[in-house]
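Take a look at the structure set out below.
The values are calculated or read from the model by the stated rules, or taken from the named source; none is laboratory data. Just so it is clear, the model here is predicted, and its values are computed rather than measured. Every residue, glycine among them, receives a Cβ derived from its backbone with ideal geometry; neighbour counts consider all protein chains shown. These area figures cover heavy atoms from the full protein model, side chains too; ligands, DNA and RNA do not enter into them. Shrake-Rupley method; radii C 1.70, N 1.55, O 1.52, S 1.80 Å.
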Amino acid sequence: MKKLIPIKEHIIIWLMVLGLSVTLIFTQYFADGLTKQFWLSFIPSIIIDGIFILIASYLISYLLKKNEKRKTKEKVYRMLGTRYEIMIMNFAKDYITYITKEPSEVSKGINNIQGIKSQVKSINSDLDNYVQADFFKKGIKVLLLDNRINTGNIFDNFREQVWSVPQYTNYFKQRHSKEIDAFINRYISVIPEELRERLFKVEDTLQSEVFTTGSEHGLPIDLSKATFNLKDLSKSIGELGQDIYLLLTYFEETQEDNTSKESNDVFLGKYLDDEKILLGLLCLMLSLISINILIL
């Protein structure tokens with residue numbers, strides 16, 4: 001109450017409610033009197049209204065939070081959408097290469113985010129077939145850009161090389177740890193809390209023992225001869241894969257809404273947004289209150 005009292009708008013609301021209540025009680029008093037029948041009908045009405053207000057309050061609170069979350073996502077996506085997608089798609093493509101040991105390939109071009117989502121999801125659902133006993137022994141094929149070649153076709157500049165798992169692991173975690181850390185530091189004031197938590201979790205995973213090669217401490221480890229628990233390794237890598245997929249789909253609803261608006265493909269559900277549901281609920285509450293007043 002101490003916090004609400006200095007706020008002018010809250011004072012006005014309370015005065016209006018109290019004024020209306022006192023006015024209605026006086027109206028009843030001068031019309032039929034404050035009889036026993038009035039109080040007996042008044043008590044059930046208070047109980048019903050109390051239950052209804054309780055339920056409505058929870059629903060309104062939920063809708064307001066959901067609406068605020070959606071608007072925050074839309075605002076962040078407008079500001080950082082392209083930068084974020086490029087960072088996460090590069091991360092996902094390198095993850096695909098790390099697991100499959102082959103350069104990532106998706107239909108309709110390498111920057112097709114839907115294709116990347118689909119491939120990451122497919123890998124995550126079938127991870128046990130990729131993480132086998134020879135996981136650290138297989139070489140990883142990578143495509144490197146060779147600027148010494150100049151044929152006029154950019155695709156002729158790529159050359160395939162085979163990297164060892166420790167070599168690729170060092171590249172993988174160093175590149176994406178730096179990119180994620182730079183992204184967070186630069187845009188921390190606008191990144192939603194749940195997205196920050198997910199990015200921090202991914203950073204922690206990249207620095208965990210799963211991606212340790214020994215070179216961090218000047219003690220290279222021959223991973224091809226290392227012994228490990230296959231189930232634990234698959235679980236740890238799978239958690240990273242799930243986090244990457246969640247990062248890829250974080251702005252999915254916002255992307256779909258923007259696509260619908262651009263193509264004018266608007267369904268009935270689009271009109272039932274949180275604001276209209278909330279407005280309808282408030283109108284229903286006012287209608288019920290008006291009916292109760294008329295009955296009394």
Among the residues listed as 185, 124, the single one being at pLDDT 90 or above and loosely packed, with under 11 Cβ neighbours inside 10 Å = 185
ask   = In the stretch 185-203, what count of residues is obtained for those that are touching an Asp or Glu at 6+ places or on another chain (Cβ under 8 Å) and without any contact (Cβ under 8 Å) to a residue 40 or more places away in the chain?
value = 1
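Within the stretch 250-259, is even one residue open to solvent by 20 Å² or more (accessible area, probe 1.4 Å) and at pLDDT 90 or above?
Yes, the stretch 250-259 contains at least one residue that is open to solvent by 20 Å² or more (accessible area, probe 1.4 Å) and at pLDDT 90 or above.
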request  = Kindly indicate whether residue 55 is open to solvent by 100 Å² or more (accessible area, probe 1.4 Å) and modelled with pLDDT of 70 or more.
outcome  = yes
request  = Filter the stretch 128-182 down to residues that are open to solvent by 60 Å² or more (accessible area, probe 1.4 Å) and among the β-branched types (Val, Ile, Thr) and give me whichever is modelled with the lowest pLDDT.
outcome  = 154
